[in-house]
Structures are given as C-alpha cells and as structure tokens.
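Comments concern the structure below.
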Amino acid sequence: MRQAYEFEKTYGELILRCSVCGFCQAVCPIYGLTRRPALNARGKMLLLQEVMRGEMGLDQDLVETLFQCTGCASCEVNCPSGVKVTEILREVRREMVNTGTCHPVFTGMNEILAGSNNIYGETDPPEYLEGRKVNEKAAYVYFAGCVGAYREEEHTEVTLKLLDRMGVDYTLIDEVCCTGVLEDVGYAVHGSKAETLVERVRATGAETLITGCPYCMRTFTSRNAYIGLSEAGVRVVHISQFLSTMTFDVQTDLVVTYHDPCDLGRHAGIYEEPRRTIGRIAPRFVEMEHHHAQSLCCGAGGGVRASHPAHSIGMARRRLEEAEAVGADVVLTDCNSCVHNLSNAKLRRQKLRITTVPAFILSLLEGEERA
Amino acid sequence: MLEERIKQELKDIVGPENFTEARIDMVSYAYDAMGAKGRPDCAVWVTSTDQVSAIMQLATREKIPVTPRAAGTGIAGMAVPTHGGIVMDVMRMNRILEINVEDRVCVVEPGVVYVDLQKALAPHGFTLPTEPGSSVASAIGGNVATNAGGLKGAKYGTTKDYVLGLVVVLPDGRVMKTGTRTMKTSSGYNLTQLFVGSEGTLGIITEITLKVVPLARRTATALGLFDSLEDAGRAVTRTMSSGVVPSVMEVMGRYLIQAINEGTDLQLPEVNTMLLVETEGYTRAEADAQMERVVEIFKDNGASDVKRAETEAERADLWAARKSTYPVTARLNNSILVEDVTVPMSKLAELFREFEKVVAQYDLKVAMCAHAGDGNFHPLITFDSRDPEMVERVEKANDALFRMAIAMGGTITGEHGIGTMKAKYMTMEHGEIAMDVMRTIKRALDPHNIMNPGKMDLNG
C-alpha cells in the first residue's frame, strides 16, 4: 500500500474535483504565453492526480510546472468546479521542499532571507529614508516592501512626497521583509522577522499601517505570524485604499488605463478604490480588455520573475499589448512589482508611461503632465 | 518508444523548442476533458502546414501513430493518444488569417480559440453562431474536427453549417485544399464535410474557411415554468412547429434547479421544469412579436408562469442561471459525465421521462438539461469515480440512454463526437453497411492506420 502524501489529506478531494474541463487554459497567463498545457492548472491537477494514484512521486520532474505559477488565481476565479489552485500548490510545494525538491531560485531566496532583511540581500538602506521620520511616533506607518525599497525606489520616493504634500503624519520603519512570498514557494514565514516587524510597527504607536505592496498587505492581514498587528489595534490598508478617500484638485487629459494587480484584485477584492481615485483625476479613463476579476497577470508573481524571467517578461508584454490596443497613454497600477515588470517589458516603440497611481497624482500636482 | 533518430528528425522539422518528451507534457497530453487516458511518446507544437506535412511524411514512412490535438476540451476521448506515438498540438497555429465581411467569410488556423474569433468578428457586426459550451477554451480546429454544436443549434445549426473550405494534410503528407470561399458550390464530392466531424482520423486540418453571419441586433428572453416535463416537452414541440424559431430553447429539470439554488443566490422557483427561451430580430418589435407567440404557446401548454426579462439585468440573471448548470453540478461530486444524445424533437419529453426511470433504477444523481430546440439532451450525471460499484451503475445508465436514443430514431452524439467513449455504439447507430463504407474511406486515406487510431470504431 502506497504511503499517501500529506497534501492529499487536506486537498485530495479538491484535486479530484478538477473535472479537467480546460476552462483554466483560457485564462492562465503562462498557458496564454506558452500554449503548453502541462503548465496550466488542469495540467498541474492531472499530474497531482497521477501522484495520488501512485503513478509518480513528488519528484524533480514536477518542479518545472508546480513551481511555475504566478499565483494570479485567474484559474480559480474561473474554475467551474471550485478548485482552489493556489492553496493546493502552496501545500504541495511545502511538502516538496520538506522532501528536498524545489526550484533552485526559491531555495536561494530562502537562504538570502535567512541572512538578510530583504529578498535582494541589499545592505544599504534606501535613500528615501534620509530626512524623513524613521521609527518615530506617528499616526501612520508607511511600509514600502522589498520591491518598493530596492527595485522601485523612485516610485516609493514620490509616494512619500505625495504623503508629505498631503500633510500625512507618518513614519517609516527600518523594514524587514514580511517573508510572505516564502509560503507561496514552499517555505515558511520567518517568525523572527515577523516579530521584529510587528514590534517596530507597534513601537511607533501608529493606528494604521499603509503598505505600498499588495502582497505585504495580504501577508500582514492573513498570516498568523502577524496577528500581533491586529492585537495591537493596528489597521492594515493598502495605499490605494488610503488614497481613495482623498480628493486631488488636478486632472489629466491623457488616456489612462489601470492594471489590476492580482494580489490587490483577485486576492483581496480591491477593485473599485483605485478606480475611484483615478476616475477623479483622469476623465479619459479606459478599461483594457481584461480587467477586474478577469484582469491579465503581469507575470511578476509567485517568484516567476526570478525563476522563469523570459516567461515573466512575455506575460508582461501581452498585458502591454492590451494597453496599446485601447489607446492608453498611461498605464497605472498599484503594485511596485507590477510596475517593475511591466516597465522591464516595455518595448522602445511603445510610448506608454507606466507608473503607480500615487506617482501619477504627484506628477499632476507638480505640473509635469498636461492638466 | 521512439528511436533517437526519429526524435531528432522531429526536432529538425519543428525546432527543438517545439518538441517535448518531458514527463509532465506526456501526462497532460494523455487526457482530454473527460479524463480518457493514453500516454504519447512525444509531442510537437506545429506552427505551419509545411511542418505538419513533413511530420506526416515521417510518420507514414516510420508507421508512427499521430494524434492531432487542439485545446483538449473534447469529452469523448478523440484527442487521447490511445496508441502512443506523436501528439500534434496545433494550438500555436492560432492566427486569424482573414475576416472578409463582404464575402461573409473568415479564414483561421486551427488553434484559434472560439471566443477570440468572436471578439475579432464582433466589431464587424458578424459572428460564428455555433457557440459551444466550451467556447471560452475550445479551438476552431477542434470544433470542426468534432462538428461541435451549442446553445443556438435550433436556429443556427452546428459547425458543419459554417465550414466552406479546409486545408488538410493527409496521412501521407500531401496537402489538400477542399471546398471554396463561396456561399454555394455543387462541384464534386463534398470533401470538406467528410473532414468535418472526422475527429482527426483522416488528416490534420491546418486552415479553415468559415461562413459568418450577422450578429443579432435585438433579443427577447423569457423563462417558462412548468409543473411537468410532459407539458414542457409539448410546449417545445408546439413552439418549434409554430413558425417561430427561437435562437435558444433550454430545458432545466428539477434536480438541476435545486442544485442551482443551493449553489448560487439566484433563487429560482423550484418547479418541475423550466424552459429558457430567446428570440432574435433586426428590431426590438420583431424579437418581441416572436416572443409573444412563444409565451402564448407556453401558456396554452400548461406553463404555470412565464417570466419575461424586461431589463438587461433580468436577462443576465436568466443566463446566469443557465450558465451555472455545469459549475453547480460539477461541485456535487468528484466526477461528472455529460452526455449529448439527440432525438427528434417530438421525442424529447419521452426521452426525459424514460431516462428518469433509468436514473431511479440505478439510484443516480442526474441534472437534466437539454438544448430542446434541436432535441439535444444533456444529462449531467454526478458520481464518485473512486467507487467502482457506482461507476458501473453510471455505465449501465449511459448504455440504456444510448439504446433509447437510437431506438427513438436519434443519435448517440449531437455535438460532442464519438472518440473512444462511444465507439462501441457506432455500429448500433449506423449499421454494418455504413460502418463498412466509413472503414473503406479510412483505409483509402490512411492505409497504415496512423492517423488518430483507435477512434470511432474505424479499425474493425
């Protein structure tokens, strides 16, 4: 008798419930790019069904598909049978890592985080800390996240300038990575980092933690390691939620579209807040072909940008083609990771400006754009 | 197992990036959307007719089975490589080559997904109206190879009614053009239609010329509530012989209605049977006039109520109910079998009634649904695939259904095709002579039986 894997106890029924209809194929960004059925959710579930029948083990052969998923959840939203693909993959990857099978990039990511406070192993603090309150008392804490701090530093800088201009009483903290992404790729949130982070937020006395990163927001609000935030009465909001209650006395005549980050949209249900803000400043707002719950992933999530960079850029290019197709001058989004990937994917001939909502608002306020 | 030299030749033809023998790919190509299984030795993603031709020449020379595959959304096993060999995935041939509304045609490669073609046609005010249930994922090549149908069959027919011409690579690698791009032709054997519904057993379709039709400008939608299936069946028959041809006429049975109410917040009235009906017109008045006649007929035939959708939101709700059929039913157990027997429309109520007895006899949970306007019955049988005794009861009920459909002058498949799953019923439906002719055609074009072997009971 075969020894069942751990994941089967919790998710075996759900994996069997995949009726292999293939509807996920229509929405999977990696399938859309590669047209390789082993990579979409149906392919993954078929492989796990074979594992459950004992026809194969959770071995190295599976890394190519089971560790190649942006976690965008398009498949889940469109699955007629209600298969929770992202949860299943998280659990299966955890078990694979425990038995010594993982994509080397994710093993490396875990190792870097063991000795660093950010996923890039950067040692210098971000420059935007200079001249700003850090680890001080304030009503709000602004948390940039690793991408915002070390890869999209300019976007974080202008977001902070906007908060400065609005007179928001905020402080920054010496950030440590929330490590939420590790759970997605088979590892665990680093408890000591979470403790440090919660302690630093609580020390500011802030009632609200504003995150620039949708994934950090999800981590803070859904992982047990961060329960200390809610216990201390700290409310966690994303910058898009914070800005949606504000008014800005500027408008642009440019054609603006909005890219829903998967972590903010499908994972957190935040679709309308950014659109409320954009609606006030951009009368010529247009939706791309895929938006809201059907938005197309930019290809950055789930570690795919690091593990499969060519596919990641390919997915971002598909998204930019949609922006071009609706005649957009500006692609706004509310995730530094999306901005980073879309910007990297932009071709020289594409005249799109790709930026975050707060950065665009500030540029309007400062008169950089046509108002 | 294929020899290394053959694999190398395949890589030389399609490029190494379009060849795979990775285990993850072999598993994903072992199945279609019903889970039928047969593992290939390798797979290729083809990108041109020339590549397909070169591969078929190689396959003929080496006598290697080739199974063409598009989106893999078929549910009868036709894309499953039961004899191993090469899976030929056409999904990277996904260009819309031409849309020409003056000629009322479009030309596409086989890997174009149905909804993508619809999106491209819509700005021209045209459509391919077949609308299969898998429209979001299924590809035109597969639609043609299975002669797929859908919700609008009563008014618009099935895929065969729109295929004007094809480019087909024959098993020996020759590239054949069939048909025309004209609205009519009386020229020679209708080779185009020979390949429509041939399930990849005669060749590989690499280009398709389709007739397109104008999009309906206005629609009227209503839901008829009936206390008995017989009344609903009679209402369908009377409607379809009244001179009005609804574009949609969908039956939903009691167990399905309950499942929808349990699985959604649509709060449908829990009646015995519902009929969702839609009429179309160039003007609102035209659609409404037809619907008024349908409502009259429904009421004359025992409808306890008929709810007209007065707003787009109400119409969307009615469609949400119909479209939730598969999702709500699929969640009732770990497996689902969807059949598609089709009978003369006057027999549909009888088929419903008789099949309900079968369902009771084998103690199964079945959601009854049908494209009633064209006699196409879709029972959705939910079951536990790990319970061999239950699986056996499902098979027996299915067998009874096929026999009933054939006895009523119907067919075992209206729109899903034969594949492996219904192959054993081919002779029962078609008879020995027709099967002999089909096998003769198969042998003439594919003497080595390398072209999607093991399907449609063509191999004797």
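Bear in mind that the values in this text are calculations on the coordinates, not laboratory data. Remember, predicted model here, so these are calculated numbers, not experimental data. Every residue, glycine as well, gets a Cβ built from its backbone with ideal geometry; the counts of neighbours run over all protein chains shown.
Observations on the model:
- Charge context of B:Gly150, other residues only, Cβ under 14 angstrom, K/R +1, D/E -1: -2
- One decimal place: the segment B:Asp436-B:Leu266 gains 56.1 nm when fully extended, by the rule 0.36 nm per residue minus the C-alpha distance.
- Net charge contributed by nearby residues that have their C-beta within less than 15 Å of B:Arg322 (K/R +1, D/E -1): -1
- Grouping the Cα pair distances of the range B:216-415 into 10 Å bins from zero gives a pair-distance distribution of 9, 36, 36, 15, 4, 0 percent in increasing distance order.
- Viscosity 1.306 mPa s, 10 °C: Kirkwood-radius Stokes-Einstein D of the range A:6-102 over Cα pairs, µm²/s: 120 µm²/s
- Compared with the alpha-carbon gap, the fully stretched path from A:Asp174 to A:Thr99 is longer by 23.5 nm at 0.36 nm per residue.
- Against the empirical curve 2.2 N^0.38 Å, the C-alpha radius of gyration of the range A:127-243 lands at a ratio of 0.99.
- Compactness of the protein assembly as shown, expressed as Rg and Dmax over alpha-carbon positions, Å: 28.8, 90
- Globularity index of the range B:4-89, i.e. its alpha-carbon radius of gyration over 2.2 N^0.38 Å: 1.01
- The long axis of helix B:254-263 is offset from the longest Cα principal axis of chain B by roughly 80 degrees.
- Nearest-ten-degree value, helix A:272-281 long axis tilted from longest Cα axis of chain A: 30 degrees
- All lysines inside 28 Å of A:Lys44 as judged from Cα atoms, apart from same-chain residues fewer than 8 positions distant: A:Lys9, A:Lys84, B:Lys7, B:Lys11, B:Lys37, B:Lys323, B:Lys422, B:Lys455
- Taking only alpha carbon atoms, the range B:149-233 gives an Rg to Rh ratio of 1.16, where Rh is the Kirkwood radius.
- Square roots of five times the Cα gyration tensor eigenvalues for chain B, Å: 38, 26, 20
- Percent breakdown of C-alpha pair distances by 5 Å bin, ordered from the shortest bin, for the range A:227-283: 4, 16, 22, 20, 17, 10, 5, 4, 2, 0
- Computed label-point distance, nm, for sites A:Met166 and A:Arg202 using a 7 Å Cα→Cβ extension: 2.8 nm
- Neighbour-count ranking [beta-carbon atoms within 10 angstrom, fewest first] of B:Leu266, A:Leu163: B:Leu266, A:Leu163
- Quotient of C-alpha Rg and 2.2 N^0.38 Å, computed over the range B:96-214: 0.98
- Over chain B, DSSP H runs of length four or greater, each weighted -39,500 (n - 2.57), average out per residue to a 222 nm ellipticity of -11000 deg cm²/dmol.
- Once the Cβ-Cβ distance of A:Ala4 and B:Asp363 is raised to the sixth power relative to R0 = 30 Å, the FRET efficiency obtained is 0.50.
- GNM on chain A, alpha-carbon springs under 10 angstrom: the most fluctuating residue among A:Leu33, A:Leu209, A:Leu66 is A:Leu33.
- Nearest-0.05 FRET efficiency for B:Ala444 and B:Arg403, computed from C-beta distance (R0 45 Å): 0.90
- Placing pseudo-labels 7 Å out from each Cα toward the beta carbon at B:Met1 and B:Met176 gives an inter-label distance of 3.7 nm.
- Debye intensity ratio in log₁₀ form over the Cα atoms of the range B:151-190, taken at each q of 0.20, 0.35 Å⁻¹: -0.74, -1.14
- In chain A, the DSSP-assigned H stretches of four residues or longer account for a calculated mean residue ellipticity at 222 nm of -13000 deg cm²/dmol, using -39500 (n - 2.57) per stretch and the full residue count as denominator.
- Efficiency of FRET from Cβ geometry, B:Ala320 and B:Glu392, R₀ 51 Å, rounded to 0.05: 0.90
- Counting Cβ atoms of other protein chains within 10 Å of each residue's Cβ and taking the mean over peptide B:13-24 gives 3.
- The mean of 1/r over all distinct Cα pairs in chain A, once inverted, gives the Kirkwood hydrodynamic radius of 21.3 Å.
- Gyration tensor (alpha-carbon) shape descriptor, the range B:377-440, a/c threshold 1.5: prolate
- Simple spin-label estimate for B:Ser228 and A:Val255 in nanometres, 7 Å along Cα-Cβ: 6.1 nm
- Judged by the gyration tensor of its Cα atoms, with axes a ≥ b ≥ c, the range B:171-291 is prolate; a/c meets the 1.5 cut and a/b is the larger of a/b and b/c.
- Within chain A, DSSP assigns beta bridges of which about 0% are antiparallel (rounded to the nearest 5).
- Stokes-Einstein D (µm²/s) once Rh is taken as the Kirkwood radius of the range A:226-322 over alpha-carbon pairs, at 4 °C in 1.567 mPa s: 84 µm²/s
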